[in-house]
Amino acid sequence: MTVPHLSVSLPYWQNRAPLDALQVAAAAEKLGYHRLWVGEMATFDAFALATAIGKSPGRMPLCLGPLPIGVRSPATIALGAATVAALTGRPVDVALGTSSTVVVRDWHGRRRHRTARHLDECTRIVRALLAGEKVEYDGLIERIRGFRLRLPALRPSLSTTVLGDTGAAEFGLASVGYTHGRVASNGAAADTRRPIGVDADGVGPESTASDGPSAEVAGQVSSSGDQASASADAPSTGGEIVVAAFGDRALEVAARCADRVVLNLVTPAQVARCVTAIKEFADRAARPTPPVSVWVTAAYEPDADMLTTVRQAVVAYLRAPGYDTMFTEAGFGDVVRLAHSGAHPRDLLAAIPDELPAAVGMFGDAPSLIARLAQYRDAGADELVIVPVTTAEDPAGHRTLKALAEIRAHASGVADDH
């Protein structure tokens, strides 16, 4: 059996010590996982934690995020990623997402609106900044004037990967200025008129007309570019832009703007649906289809306490837009409705069956894990990002990570024999 790339995401379980994250990172490094994803919730700052991990022995690439774009500006995201890369010497990728109303509005006091458009603008700006470009952008949500990173670029210059002046204008090169509805290059104004992300049929991530460069330009990448046409087996060289998505508008933005798409808390059937949608949106934009990563909570031979840990983590997602749809589609609409009714978290926890996290994760003995890996692979996942369940006896999630590493090694050996 061929196995997708296996990576690890640091878990921040509510009932575990935050510093477990360092032990999980060490285990992932030792066991040779593809890369380490470092997100953030309510414990560590992702950039600080990634730097601490990156300064330890090892060379595993890092992917920061998904970072909530409503909380950090594109400049701070690019600064953070470039800082981690410069201080650790490791390849660093960046994942972006819209996060939830609770995180953006309630925790950080920021406005969360027009999320698909915001994701589009932020992705383009961060891409340009990480390429070392000086960016001038005046969008509907994001504005940046004359900023350029003074640390080494994380990805190739856009001028070497984008064809033509219109391609350069798409990503905001040094000589390009953005204004509402117009792109000026070297002093020459050009009327774009067509809303950003809207193709000739008028299909785009937002129903309202919003001005900016045309969607077709996003697909104009040279054959030597750094898009999804790159070998899936090549190690990360850093600078990959990943977009977290699920709904059609976010998936369209990801298909047009991202190097990779990441899905979280999804069944194999939902992965297959998203993969199909991403390909359709990418074809429409005339660009290669981005590969798909999937975050999957996993536990090898879990006990009751491990399943309770996972169920506790699910409580916070039941009412979150997008996640509630996913759980309803997976057959747990009654629990979602209970969450939307304002039920106490204690009552929600009691109502969540073990089958719910199992539907969007992988739990069990080795044959069960092998079967689940095959389901996600067949659904179109290029990379599975393992979120290991940790315990007091196994704070690194080592049993789970070791079991999956052995499955991967066995599958690789069988493939080599043939």
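The values are calculated or read from the model by the stated rules, or taken from the named source; none is laboratory data. Everything numeric in this text was worked out from a predicted model, so none of it was measured. With ideal geometry, Cβ positions are generated from the backbone for all residues, glycine too; neighbour counts draw on all protein chains shown. The area values use the complete protein model at the heavy-atom level, side chains included, leaving out ligands, DNA and RNA. Shrake-Rupley method; radii C 1.70, N 1.55, O 1.52, S 1.80 Å.
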Exercise for the section: Could you tell me whether Ala81 is in a helix (DSSP H, G or I), of a type in the set (Gly, Ala, Ser) and open to solvent by 10 Å² or more (accessible area, probe 1.4 Å)? Expected result: no
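For every residue, the table says whether it meets (1) in contact with a Pro (Cβ under 8 Å, 6 or more places away or on another chain); (2) within 11 Å of Pro357 (Cβ to Cβ); (3) open to solvent by 10 Å² or more (accessible area, probe 1.4 Å).
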{"site": "Cys274", "(1), (2), (3)": "no, no, no"}
{"site": "Ile278", "(1), (2), (3)": "yes, no, no"}
{"site": "Pro290", "(1), (2), (3)": "no, no, no"}
{"site": "Thr297", "(1), (2), (3)": "yes, yes, yes"}
{"site": "Ala304", "(1), (2), (3)": "no, no, yes"}
{"site": "Gln312", "(1), (2), (3)": "no, yes, yes"}
{"site": "Arg319", "(1), (2), (3)": "no, no, yes"}
{"site": "Gly322", "(1), (2), (3)": "no, no, yes"}
Practice task
Find the residue count for region 334-347, including only residues that are exposed (fewer than 14 other Cβ atoms within 10 Å of the Cβ), assigned to a helix (DSSP H, G or I) and not charged (D, E, K, R).
Solution key: 2
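Just to be sure, is Asp45 out of contact with any strand residue (DSSP E or B) (no Cβ under 8 Å at 6 or more places or on another chain) and either acidic (Asp, Glu) or at pLDDT 95 or above (or both)? Give the derivation first.
Working: out of contact with any strand residue (DSSP E or B) (no Cβ under 8 Å at 6 or more places or on another chain): yes; either acidic (Asp, Glu) or at pLDDT 95 or above (or both): yes.
Criteria met by Asp45.
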Exercise for the section: Kindly list, by first and then second residue, each pair from a residue in region 381-398 that is without any contact (Cβ under 8 Å) to a residue 24 or more places away in the chain to a residue that is among the hydroxyl-bearing types (Ser, Thr, Tyr), limited to pairs with Cβ atoms under 9 Å and residues at least 6 apart or on different chains. Expected result: Asp394/Thr400
Handout entry: Single condition Ala350 does not satisfy, out of (1) over 26 Å from the mean Cα position of the chain (by Cα); (2) open to solvent by less than 20 Å² (accessible area, probe 1.4 Å)
Key = (2)
Fill in the blank from the handout: Restricting region 1-21 to residues that are within 19 Å of Ala405 (Cβ to Cβ) and either more than 21 Å from the chain's Cα centre (by Cα) or part of a helix (DSSP H, G or I) (or both), the one modelled with the lowest pLDDT turns out to be Met1
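Select, from Leu369, Leu373, Leu356, Leu384, the only residue that is at pLDDT 95 or above, aliphatic (A, V, I, L, M), within 13 Å of Thr297 (Cβ to Cβ) and in a helix (DSSP H, G or I).
On the way: Leu373 fails: within 13 Å of Thr297 (Cβ to Cβ); Leu356 fails: at pLDDT 95 or above; Leu384 fails: in a helix (DSSP H, G or I).
Just one listed residue meets the conditions, Leu369.
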Exercise for the section: Give the residue, chosen from Ser73, Ser9, that is open to solvent by less than 10 Å² (accessible area, probe 1.4 Å), among the polar types (S, T, N, Q) and under 27 Å from Tyr323 (Cα atoms). Expected result: Ser9
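Any idea how many residues of region 113-140 are of a type in the set (Asp, Glu) and either surrounded by 22 or more Cβ atoms within 10 Å (Cβ to Cβ) or within 18 Å of Gly238 (Cβ to Cβ) (or both)? Outline the logic, then answer.
If we filter region 113-140 for residues that are of a type in the set (Asp, Glu), which is where we start, we get 120-121, 133, 136, 138.
Subsequent filtering for residues that are either surrounded by 22 or more Cβ atoms within 10 Å (Cβ to Cβ) or within 18 Å of Gly238 (Cβ to Cβ) (or both) retains 120-121, 133.
Qualifying residue count for the region: 3.
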Exercise for the section: Output the number of residues of region 141-153 satisfying the condition of being under 18 Å from Gly80 (Cα atoms) and open to solvent by 80 Å² or more (accessible area, probe 1.4 Å). Expected result: 3
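Report yes if some residue within region 88-98 is among the charged types (D, E, K, R), open to solvent by less than 50 Å² (accessible area, probe 1.4 Å) and within 15 Å of the chain's Cα centre (by Cα); otherwise report no. Full working, then the answer.
Applying the first criterion (among the charged types (D, E, K, R)) to region 88-98 yields 90, 93.
Next cut, open to solvent by less than 50 Å² (accessible area, probe 1.4 Å) only: 90, 93.
Narrowing the set further to residues that are within 15 Å of the chain's Cα centre (by Cα) leaves 93.
Yes.
Can you tell me which residues in region 35-60 are part of a loop (DSSP other than H, G, I, E, B) and touching an Asp or Glu at 6+ places or on another chain (Cβ under 7 Å)? Can you show your working first?
Taking region 35-60 as the starting set, the residues that turn out to be part of a loop (DSSP other than H, G, I, E, B) are 35, 39-45, 55-60.
Answer for region 35-60, where residues must be part of a loop (DSSP other than H, G, I, E, B) and touching an Asp or Glu at 6+ places or on another chain (Cβ under 7 Å): Gly58, Met60.
Of everything in region 32-55, what is hydroxyl-bearing (Ser, Thr, Tyr) and open to solvent by 50 Å² or more (accessible area, probe 1.4 Å)? Give them in sequence order.
To start, the set of residues in region 32-55 that are hydroxyl-bearing (Ser, Thr, Tyr) comprises 33, 43, 51.
Selection gives Thr43 alone.
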Handout entry: Residue match in region 62-76 (condition: touching a Gly at 6+ places or on another chain (Cβ under 9 Å), part of a helix (DSSP H, G or I) and closer than 27 Å to Phe147 by Cα)
Key = no
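What are the residues in region 61-70 that are more than 18 Å from Ala245 (Cβ to Cβ) and either among the basic types (Lys, Arg) or open to solvent by 10 Å² or more (accessible area, probe 1.4 Å) (or both), if any? Spell out how you get there, then give the answer.
Filtering region 61-70 for residues more than 18 Å from Ala245 (Cβ to Cβ) gives 61-62.
The one that is more than 18 Å from Ala245 (Cβ to Cβ) and either among the basic types (Lys, Arg) or open to solvent by 10 Å² or more (accessible area, probe 1.4 Å) (or both): Pro61.
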Handout entry: Breaking point among (1) within 22 Å of Val261 (Cβ to Cβ); (2) among the aliphatic types (A, V, I, L, M); (3) in contact (Cβ under 8 Å) with a residue 40 or more places away in the chain; (4) surrounded by fewer than 23 Cβ atoms within 10 Å (Cβ to Cβ), for Val102
Key = (1)
Fill in the blank from the handout: Selection over region 380-403 where residues are more than 20 Å from the chain's Cα centre (by Cα) and open to solvent by 20 Å² or more (accessible area, probe 1.4 Å) yields a count of 8
